[in-house]
Structure formats: C-alpha cells, structure tokens
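Derivation of every value follows stated rules applied to the coordinates shown; laboratory data play no part. Given the structure is predicted, the values throughout are model-derived calculations rather than measurements.
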Amino acid sequence: MDAADYQLAWIIYVVAGSVLAFLAWRVLYRYVLREIAYVVECFLLALMFTPAFVLPDQSIMAPALIVFLMDSITISPTSGIRALIPLVMALMAALIVAVLLIIGHRYRLRRQR
C-alpha cells in the first residue's frame, strides 16, 4: 500500500465515520435523554477515530479498535493491549468532554428558567 492509497483509505474511513456519527447523533438526540446522548456520542467518536500504530516500528496507523481486535485474534490476546492504551486514554477524554457538555446543557436549561 503506497502513500496515496493509505491517505485515500483514511479519507473514506473518516467520511464514513462522520456520516455514522451524524446519524447516530440524530437518533440519540431524538429518542434518548440528552445527557446519555452526549456520553454515547462521545464514546462512539472516541472508539471510531482513535488511531494506533499497526506495528510498533512502523508509522502506519489504523483505528485503535481494529488494531486491538486484529492483534488479539491473529497474534495473541495479550498483544492487543498496546492498542488499548491510546483507546482508553481517548475514552477518558471523551468522558471528560461529555461531562462538560452535560454541565453546559444543564446550565443552559437552568438559565432559561
């Protein structure tokens, strides 16, 4: 895979992920409590868009969830842990962002009353 194919694959992945995130937000916004929608959407974005190195000595990156699953299946269950480190950090950051969004939402609701 050369550089142009690699960039094209990432562009297609980001566009498809953005469309999925938008559709998920539309569904969550309408049918779920706003606070839960913020948490689920932030976790979805973190799971889909967190990159990880495919091999430790190369600069090629892929979504961390896919790297974790493929390493756990093909190599060994413990080899996927290196892809979990950025994924767990991204999920923690997503939780912080979701809490800030919830606080902002509640503040706006309280100000409107």
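Within the listed set Ser59, Ser79, Ser18, the residue fluctuating most in the Gaussian network model of the chain (springs between alpha-carbon atoms under 10 angstrom) is Ser59. A helix-only calculation puts the chain at -27000 deg cm²/dmol for mean residue ellipticity at 222 nm, using -39500 (n - 2.57) for each DSSP H run of at least four residues, averaged over all residues.
Express the relative contact order of the chain as a whole percentage, based on alpha carbon pairs under 8 Å and six or more residues apart in sequence.
On the way: 93 pairs, mean separation 25.5, N = 113.
Rounded, it is 23 percent for the chain.
Using Cα atoms only, what is the angle between the long axis of helix 81-112 and the major principal axis of the chain, expressed in degrees (0 to 90) to the nearest 10? Approximately 10 degrees, to the nearest ten. Treating the angle as unsigned and between 0 and 90°, give the value, to the nearest 10°, between the Cα long axis of helix 3-31 and the longest Cα principal axis of the chain. Approximately 30 degrees, to the nearest ten.
State the percent of C-alpha pairs, over all pairs in the chain, separated by a distance greater than 26 angstrom. Intermediate values should be presented prior to the final figure.
Details: 2020 of 6328 pairs.
Distances greater than 26 Å cover 32 percent of the Cα pairs.
Mind checking the full-extension length gain between Ser59 and Ala93? Use 0.36 nm per residue of separation minus the Cα-Cα distance, one decimal, nm. Please list the in-between numbers first.
Working: separation 34, 0.36 × 34 = 12.24 nm, distance 2.37 nm.
The span from Ser59 to Ala93 would gain 9.9 nm if fully extended.
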